[in-house]
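The values are calculated or read from the model by the stated rules, or taken from the named source; none is laboratory data. This one's a predicted model, so the numbers in the text were calculated from it and none came from an experiment. Cβ: placed from backbone, ideal geometry, glycine included. Neighbour counts: every protein chain shown. Keep in mind that these areas ignore ligands, DNA and RNA; they rest on the heavy atoms of the full protein, side chains included. Shrake-Rupley method; radii C 1.70, N 1.55, O 1.52, S 1.80 Å.
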Amino acid sequence: MLRVTTPLHDDVIDKLRAGDEAAISGVVYTARDQAHRRLVEALTRGEEVPFNLEGQVIYYAGPAPAKPGCVIGSAGPTTSSRMDVFTPLLLAHGLKGMIGKGRRSEEVKKAIKKHKAVYFATVGGAGALLSKFVKGFKVIAYEDLGPEAVFELEVEDFPAVVAIDALGNDIYEEAIRKWGRPAKNE
Amino acid sequence: MREISTREVTQAVKRLCIGANSSLRGDILNALQEALRVEESPAGRKVLEWLVENARIAKEEGVPICQDCGMVTVLLQLGQGVRIVGGDLREAIDQGVREGYREGYLRKSVVEDPCFSRRNTGDNTPAIIYTEVVPGDGLKIIVVPKGAGSDNSSALKMLNPTDGILEVKAFVLETVKKAGADSCPPLVIGVGVGGSFDSVGLLSKKALLRPLGMANPDARIAQLEKEIFGEVNGLGIGPAGFGGRVTTLSVSIETSPTHMASLPVAVNLGCHALRSAEAVL
């Protein structure tokens, strides 16, 4: 288990290898489909974005509402691949980490290698459990998007696995190589 | 005629929305525990342990199992001898969804105007409603909130009638492979075969409602379910896609008569947090 603190620096990213378990602490920003579209549109127009991307980590998530007395509602990851078309530009602007679930495109992998970044996966459908690692929560931007707004989360030892490292190693490919067996009819 | 008030419908839908989202189906929880006995991959085992723990927290604290509390499908089996009184049935159902999602602190994920504004409706309505009229004087309400992660990877294909079961199998396998980790494996796979382009999708959703571990009563279909189950679990995708022996918890196939020129197949991927709850009024 590697303890990782945000924002991420190159020396930490160099140590992370696909398959490593990580415990992430510090600030992460939620952003999903519509927030990505807006971030990329702003960057393309040369405008400021609502948070400084340098070294930061985006969590692909849209939390459930908090019950009274709770920091946040269930808060697991959404499918990362929907953000693939937007990701290379964000990485070019300094984003260093992403947390989500599922595979990424070849373009994203190339950009991860080029900009020395890291993609963490966590477990989808475990939002009640994952919410326990969130200690702070506030809206940063795009409040009109409801659950799709950008939220700043303060996380402590948030559990994840390095899914794609800065060398381009990918646990999802490794999983199939290691555990797959040929079908009978093939 | 027996009268059922829209108020009763609203109360039932509300209760079912909250219940389905915070209490994992018993058959799925059992299947996850059974999967822990089978899974050899350390990463896969860890995921399964998390999921069992997650289900415990959700139930104890009354919070959603997954933050994607889905768009709600409501399947109604309306007895011929029932008269709905006290207002509009659709509005009664949507009111139940509205109250359930607000009072249950469930995420509202429905947007209107899909092509343009995509503005969140703010109360998770409207529900998708299918009504079947059946003999009797009861009303069965089945609430199925389904998340987009698994729904986005589901697929439908119109096969040729002479393709046969090998092509059906190949299509299921292809769909699961393409989905990979995106649909939150281990999956519950519902397959519809037959009917028409529109009806086969609903049939595949009904297949997801069959209790896990219960085979199709037709031995030939049961055999097909078993074969697909084995082959999917040979893919190696594993829990959360981290690799392992358990990629699916169950494969259920439902069939329906079809046109002589058609062989529609729908593969409805359910995640490990597949949710449904039902009540009879």
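Scanning the range B:249-266 for residues that are within 26 Å of B:Ala181 (Cβ to Cβ) and out of contact with any Asp or Glu (no Cβ under 9 Å at 6 or more places or on another chain) yields a count of 1. For the range A:130-177, the set of residues classified as in contact (Cβ under 8 Å) with a residue 40 or more places away in the chain, out of contact with any strand residue (DSSP E or B) (no Cβ under 9 Å at 6 or more places or on another chain) and not charged (D, E, K, R) consists of A:Ser131, A:Leu167, A:Gly168, listed by residue number.
Looking only at the range A:4-11, decide whether some residue is surrounded by fewer than 19 Cβ atoms within 10 Å (Cβ to Cβ), among the acidic types (Asp, Glu) and free of Cβ contacts under 8 Å to residues at least 12 places away in the same chain. There is at least one residue in the range A:4-11 that is surrounded by fewer than 19 Cβ atoms within 10 Å (Cβ to Cβ), among the acidic types (Asp, Glu) and free of Cβ contacts under 8 Å to residues at least 12 places away in the same chain.
Against the criterion of being assigned to a strand (DSSP E or B), open to solvent by 20 Å² or more (accessible area, probe 1.4 Å), more than 7 Å from chain B (Cβ to nearest Cβ) and among the aromatic types (Phe, Trp, Tyr), A:Phe158 does not qualify. Any chance the range B:203-214 includes a residue that's assigned to a loop (DSSP other than H, G, I, E, B), buried (at least 19 other Cβ atoms within 10 Å of the Cβ) and either within 13 Å of chain A (Cβ to nearest Cβ) or not aromatic (Phe, Trp, Tyr) (or both)? Yes - at least one qualifying residue is present in the range B:203-214. Considering only residues in the range B:55-114 that are more than 13 Å from B:Ala127 (Cβ to Cβ) and of a type in the set (Lys, Arg), the one that is nearest to the chain's Cα centre (by Cα) turns out to be B:Arg107. For the condition facing chain B (nearest Cβ under 8 Å) and out of contact with any helix residue (DSSP H, G or I) (no Cβ under 8 Å at 6 or more places or on another chain), A:Glu148 does not qualify.
If only residues of the range A:116-145 that are on the phi > 0 side of the Ramachandran plot and away from chain B (no Cβ under 11 Å) are counted, the one that is most open to solvent (accessible area, probe 1.4 Å) is A:Lys116. A single entry from B:Ala240, B:Ala261 fulfils the requirement of being among the hydrophobic types (A, V, I, L, M, F, W, C) and either at the interface with chain A (Cβ under 7 Å from one of its Cβ atoms) or free of Cβ contacts under 8 Å to residues at least 12 places away in the same chain (or both): B:Ala240.
Among the residues of the range A:56-115, those that are within 10 Å of the chain's Cα centre (by Cα), assigned to a loop (DSSP other than H, G, I, E, B) and facing chain B (nearest Cβ under 8 Å) comprise A:Ala61, A:Thr78. Return yes when B:Pro185 is of a type outside the set (A, V, I, L, M, F, W, C), open to solvent by less than 10 Å² (accessible area, probe 1.4 Å) and either touching a strand residue (DSSP E or B) at 6+ places or on another chain (Cβ under 8 Å) or within 11 Å of chain A (Cβ to nearest Cβ) (or both) and no when it is not. Yes: the conditions hold for B:Pro185.
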